[in-house]
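What follows is calculated from the coordinates using simple rules that are stated; it is not laboratory data. Small disclaimer: the values here were computed from a predicted structure and weren't measured. Positions of Cβ are generated from backbone atoms using ideal geometry, with glycine treated the same way; all protein chains shown enter the neighbour counts.
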Amino acid sequence: MTTEDAKAAARADAAPDAHPAEPAQPQTSAPAPDSGSSLRERSRVRASELLGRNWLNTGGEQLSLEKLRGKVVLLDFWTFCCINCLHVLDELRPLEEKYSDVLVTVGVHSPKFEHEADPDALAAAVERYEIHHPVLDDPELVTWQAYAARAWPTLVVVDPEGYIAANLSGEGHADGLGRLIEELVQEHEAKGTLHRGDGPYVPSPPQSGDLRFPGKIAALADGTYLVGDSGHHRITHLAADASTLLGSFGSGEKGYADGGADSAQFNEPQGILPLPAEVAEKAGYDVLVADTVNHRLRGLNTATGDVTTVAGNGVQRLIQDPGAAAREAANLAELNPVEVALSSPWDLVWSRKLGKAVVAMAGTHQIFAFDPVAQAVELLAGTGNEGLVDGPADRSWFAQTSGLAEDVAGNVWLADSETSALRVLRIAEDGAVTVETALGVGLFDFGYRDGEASEARAQHPLGVTVLPDGSVAFADTYNGAVRRYEPESKTVSTLARGLAEPSDVLLEATEGEPHLLVVETNKHEVVRVPLPKEALTVDEGAAATQRPRTPFAAGTLPLTVRFAAPKGQKLDDRWGDPTQLKISASPEDFLVSGSGTSTGLERTLELNPDHAEGVLHITARAAACDGEPGGEIPDHAACHLYQQDWGIPVRIVPDGEGEGELVLDLRGVN
């Protein structure tokens with residue numbers, strides 16, 4: 001089927017119940033957010049067909065909604081670059097196991113970056129993240145547009161008769177989904193429209209070898225190396241040749257457990273930091289590990305093999321108890337670090353100026369610091385908003401920072417993956433931090449272009465290292481390259497190409513001609529790459545995410561974020577209004593008014609007519625706890641934070657031609 005045929009089929013399937021260019025949602029006003037009651041009976045919107053290039057994890061079968069009739073179907077619109085999407089994959093696993101005979105999760109892969117549209121890259125990602133449900137490859141965003149998705153991740157629940165039951169965006173929905181699934185099961189079992197039994201998932205044979213989807217690499221003082229062997233959920237010890245296996249730390253079974261080298265458990269560990277000797281002696285361990293999916297920092301004693309937890313309580317920071325979040329914000333550095341919620345720590349570097357480990361907290365788009373001796377965690381930079389904003393640390397924005405390296409001046413270089421950017425923390429002698437961008441434009445701009453840094457482009461870089469001449473090499477992951485940035489000339493060039501998703505790069509500490517050690521994630525190996533005497537200059541052009549821009553007329557634009565608390569929950573108003581909107585724009589003056597942070601989920605924006613296009617950055621939050629509407633929240637009630645960041649590309653059109661309002665679903669139940 002051609003792309004145009006697929007789009008036409010999607011339009012035909014959607015009518016007359018839903019138009020593919022509009023959100024599949026009822027034409028009724030949203031209920032009170034804490035109503036707690038099901039709204040599904042108020043409208044019946046038929047789900048659009050699932051169309052794309054191919055299916056994965058089905059044993060070659062091409063699925064359709066008709067074939068899935070009788071099951072509760074959960075559509076997960078995701079893209080494998082997105083840390084929030086990876087969080088949701090883990091949130092959904094317990095639901096998939098509990099409701100395995102009635103629930104079918106379908107991952108609809110809707111790529112942000114060009115590389116993510118490569119079917120081989122997608123297949124590798126499905127294996128790497130241990131996705132045990134069918135995945136629809138939707139490179140042309142046909143199904144994405146049919147469901148009017150506006151953000152990664154977006155979740156759509158389809159009932160056993162093929163009607164949409166809920167639209168949800170962001171993280172933290174597992175509890176509410178469980179309640180909705182129970183409700184749908186009871187309803188459709190009574191109607192005789194529920195079919196129990198195995199779903200269509202067919203596993204693929206796994207890769208084998210000493211390494212499996214390795215992430216980060218670090219050099220030990222004796223010339224050997226540690227690798228974050230994330231696919232094996234362990235830390236692997238390699239000889240000086242960077243290939244001979246000397247041993248490993250961790251059982252190799254995914255999970256969380258402290259203990260010895262054979263019993264400890266990790267979950268997709270990434271960053272590895274050998275500590276300075278004097279720090280290691282006081283801390284009682286010599287290596288710090290970013291245990292990414294466990295949302296923890298772990299201490300590793302390489303002499304004994306013992307692994308201990310030194311920071312993180314295992315709760316993903318964005319969905320922790322809202323009351324705990326409020327208390328944490330006031331005195332973060334004074335808390336026991338193992339009681340602090342972290343979010344996907346991805347890389348680590350030691351800052352000599354700070355005397356602390358710098359942590360790329362990818363899941364909250366922030367930079368943290370950790371002091372192993374004082375046993376304290378602190379926020380170093382970043383507001384938590386996703387994007388590219390420089391300046392003072394407390395006003396800066398990051399986007400899934402995934403690589404760190406320190407230069408001789410004590411500055412920390414960052415691979416900011418979602419903005420395809422190379423950035424730097426300038427650390428003053430007094431510890432003050434400012435943020436600068438060397439390469440990169442924003443969330444939706446990428447490409448492969450060398451030359452002047454202002455015009456150069458990269459694609460989702462994950463690793464960075466500093467070279468002897470002061471230039472900075474970075475793993476340009478989705479371009480399959482190692483690139484170099486020269487601070488003096490402010491130019492970008494290419495050192496190596498043809499690599500399979502290089503995720504880290506390290507200068508080899510040996511005499512003679514300098515080499516780089518490059519972690520080739522999708523080839524499951526570490527390779528040695530000589531530093532060329534003359535770098536390449538490549539220009540394959542700049543690009544932008546293919547998501548269509550939403551047309552709006554300049555001037556007033558009403559914004560509403562719909563949120564309905566799950567049945568059995570009520571809004572948590574113990575600390576004031578539990579809903580919040582943060583709004584900004586790129587460029588900054590694209591919004592004449594309506595930017596800033598305030599409570600409530602409605603706002604009136606004013607778009608600047610002087611710009612032809614821009615991006616709206618919207619973050620919505622709502623907190624709810626177990627308890628019936630109108631009643632008190634019981635002591636020790638489970639509480640939940642729902643959050644989503646939207647980056648909405650917008651184009652300005654003549655008055656009367658664009659959409660009249662912007663309606664987003666944080667949690668909309670039909």
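Quick notes on this structure:
- Potential extension, GLU540-ASP407 segment - 0.36 nm per residue separation minus Cα distance: 44.9 nm
- DSSP-defined antiparallel bridges as percent of all bridges, region 521-616, nearest 5: 95
- Cut-off 14 Å (backbone N to label point 7 Å along Cα→Cβ of THR510), residues of region 230-267: 239-244
- The chain: angle of helix 174-191 to the longest principal axis, Cα-based, in degrees nearest 10: 40
- Annotation: the residues SER598, SER208, sorted from fewest to most other C-beta atoms within 10 Å of their own C-beta, follow the order SER208, SER598.
- Across LYS112/LYS523; LYS112/LYS490; LYS353/LYS523; LYS353/LYS490; LYS490/LYS533, pairs whose alpha-carbon gap is larger than 29 Å: LYS353/LYS523
- Maximal additional length on extending the ALA638-ARG352 stretch stands at 98.8 nm, based on 0.36 nm per residue less the C-alpha distance.
- Multiplying the residue separation of GLU130 and GLU66 by 0.36 nm and removing their Cα-Cα distance gives an extension gain of 20.4 nm.
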